[in-house]
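The values are calculated or read from the model by the stated rules, or taken from the named source; none is laboratory data. As the structure is a computational prediction, the values presented were derived from the model and not from experiment. Don't worry about glycine lacking a Cβ; one is built from the backbone with ideal geometry, like all the others, and counts go over all protein chains shown. We work out accessible area using only protein heavy atoms, side chains counted, and drop any ligands, DNA or RNA first. Shrake-Rupley method; radii C 1.70, N 1.55, O 1.52, S 1.80 Å.
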Amino acid sequence: MPTKQELDIWRKAGKASSEVKKYAKTLIKKGASIVDIADKIEKEIYKYGKPSFPVNIAINEKAAHYAPLYNDKTILADDIVKVDFGVSIDGYPTDTAFTIDLSGKNASMMRATEKALQEAIKLATPGRKVCEIGRKVHETITQQGFSPIRNLSGHEIQRYTLHAGLSIPNYDNGNETILEENMIIAIEPFSTTGTGIVKDGKESGDYSLIEKKPVRDANARKILEFIEKEYSTLPFAGRWIYNKFGLRGMNSLRLLCEHGIVKNYNELIEISKKPVIQFENTVLVKDKPEILTE
Ligand code: MN
Ligand code: MN
């Protein structure tokens with residue numbers, strides 16, 4: 001479990017996320033480009049620390065894992081826009097997400113999802129079985145006539161590891177593992193009018209280094225060294241490589257993926273292509289749970 005000093009850094013990273021979130025909300029408008037939004041949010045994050053992962057902006061039936069591509073031309077319209085990001089200070093990452101419904105047609109699903117998060121956070125206490133949190137999320141969302149997404153979940157967070165060990169389910173999956181005092185967890189209910197399952201969609205701008213292997217191409221070697229030094233095994237955006245190395249950098253990145261050195265993530269889409277809403281906070285497990293990212 002983190003020491004008191006470590007918790008203080010985490011609280012600082014959480015406070016920073018909360019400040020960045022206020023700013024990020026002002027950027028979500030019809031006509032805005034998602035590359036521009038991601039660039040601006042990441043720039044704001046660097047005022048406090050580093051991004052825990054590339055800013056993800058998932059629209060409508062896209063549920064998660066969508067960082068804008070380097071050449072993404074998407075402009076926001078009457079969309080449901082989910083922004084997922086985190087600030088990491090000294091390797092202590094936070095993770096938070098919010099949804100803005102530019103269509104204005106999903107007020108009750110927005111409320112149900114926010115309520116599911118609030119209710120779940122109340123249960124982030126020492127000794128709690130994680131399936132009880134899942135049951136509460138499921139119950140809160142289905143009571144309002146929507147479905148939680150069952151194959152996406154929250155997670156424990158540790159230093160340098162955003163998705164550490166424990167999963168925090170969005171339905172009662174029977175996992176009776178208990179929360180311990182001072183654990184850091186991300187709770188992230190997703191809800192949909194669809195089936196409540198996600199599958200892989202198209203490629204996204206999210207990447208990470210998975211296995212260091214020798215590579216013959218000199219430029220690819222240069223890019224690999226840069227990735228190792230800057231991001232190690234943490235997720236990074238193809239856009240960041242493009243901004244620094246241009247198209248040659250992107251070509252090398254493709255080569256590194258082909259060699260199984262770097263993984264390119266797919267966006268996750270709701271299988272019935274129905275809209276998805278997400279809210280997420282990073283929480284410190286206590287008798288009185290502490291929300292770090294709010
Ligand atoms: Mn997240
Ligand atoms: Mn998360």
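Going residue by residue through segment 106-119, is there one that turns out to be more than 25 Å from residue 93 (Cα to Cα) and among the charged types (D, E, K, R)?
Checking segment 106-119: at least one residue is more than 25 Å from residue 93 (Cα to Cα) and among the charged types (D, E, K, R).
Inside segment 75-102, can you point out the residues that are more than 16 Å from ligand 2 (Cβ to nearest atom) and touching a residue at least 60 places away in the same chain (Cβ under 8 Å)?
Listed by number, the residues that qualify are 80, 89, 90, 91, 100, 101, 102.
For segment 140-156, give me each residue that is within 16 Å of ligand 2 (Cβ to nearest atom), open to solvent by less than 40 Å² (accessible area, probe 1.4 Å) and of a type in the set (Gly, Ala, Ser).
154, the sole residue that qualifies.
Out of the residues in segment 60-99 meeting the condition of being buried (at least 24 other Cβ atoms within 10 Å of the Cβ) and farther than 26 Å from residue 118 by Cβ, tell me which one is nearest to ligand 1 (Cβ to nearest atom).
67
Would you point out the residue of segment 60-74, among those that are within 16 Å of ligand 2 (Cβ to nearest atom) and not in a strand (DSSP E or B), that is nearest to the chain's Cα centre (by Cα)?
Residue satisfying both the conditions and the ranking: 65.
Residue 176 - would you say it is out of contact with any Pro (no Cβ under 6 Å at 6 or more places or on another chain) and within 30 Å of residue 36 (Cα to Cα)?
For residue 176, the condition - out of contact with any Pro (no Cβ under 6 Å at 6 or more places or on another chain) and within 30 Å of residue 36 (Cα to Cα) - is not met.
So which residues in segment 81-131 are within 15 Å of the chain's Cα centre (by Cα) and of a type in the set (Gly, Ala, Ser)?
Matches in segment 81-131: 86, 88, 97.
Go through the residues of segment 244-263 one by one and say whether even a single one is touching a residue at least 60 places away in the same chain (Cβ under 8 Å) and away from ligand 1 (no atom under 16 Å from the Cβ).
yes
Given the residues 115, 40, which is the only one that is farther than 17 Å from residue 279 by Cα, at pLDDT 95 or above, of a type outside the set (A, V, I, L, M) and more than 16 Å from ligand 1 (Cβ to nearest atom)?
Result of the check over 115, 40: 40.
So how many residues does segment 103-132 have that are out of contact with any Pro (no Cβ under 7 Å at 6 or more places or on another chain) and either open to solvent by less than 10 Å² (accessible area, probe 1.4 Å) or within 15 Å of ligand 2 (Cβ to nearest atom) (or both)?
2
Take segment 1-59 and flag every residue that is open to solvent by 70 Å² or more (accessible area, probe 1.4 Å), part of a helix (DSSP H, G or I) and of a type in the set (Lys, Arg).
Listed by number, the residues that qualify are 4, 11, 12, 15, 22, 25, 40, 43.
Quick test for you: out of 233, 193, pick the one residue that is more than 20 Å from residue 38 (Cα to Cα), outside the structural domain of residue 250 (by TED's automatic domain parsing) and open to solvent by 20 Å² or more (accessible area, probe 1.4 Å).
Testing whether each residue is more than 20 Å from residue 38 (Cα to Cα), outside the structural domain of residue 250 (by TED's automatic domain parsing) and open to solvent by 20 Å² or more (accessible area, probe 1.4 Å) leaves just 193.
Taking only pairs six or more apart or across chains, which ones have beta-carbon atoms under 7 Å, a first residue in segment 157-177 that is over 17 Å from residue 189 (Cα atoms), and a second residue that is within 16 Å of ligand 2 (Cβ to nearest atom) and open to solvent by 60 Å² or more (accessible area, probe 1.4 Å)?
Listed pairs, sorted by first residue: 164/158.
Here is a yes/no grid of residues against (1) within 16 Å of ligand 1 (Cβ to nearest atom); (2) at negative phi:
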residue: 141; (1), (2): no, yes
residue: 149; (1), (2): yes, yes
residue: 163; (1), (2): yes, yes
residue: 174; (1), (2): no, no
residue: 177; (1), (2): no, yes
residue: 180; (1), (2): no, yes
residue: 202; (1), (2): no, yes
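From the list 289, 235, 275, which one is on the phi < 0 side of the Ramachandran plot and at pLDDT below 95?
When all the criteria are applied, what remains is 235.
I'd like to check which strands (runs of 3 or more DSSP E) are fully inside segment 170-257 and have at least 2 residues that are farther than 28 Å from residue 284 by Cα and under 21 Å from the mean Cα position of the chain (by Cα).
Qualifying strands (runs of 3 or more DSSP E): 198-209.
For segment 52-95: of the residues being small (Gly, Ala, Ser) and over 16 Å from residue 32 (Cα atoms), which is modelled with the lowest pLDDT?
Here the answer is 91.
Suppose the filter is more than 13 Å from the chain's Cα centre (by Cα) and touching a residue at least 12 places away in the same chain (Cβ under 8 Å); does residue 57 pass it?
No, not satisfied.
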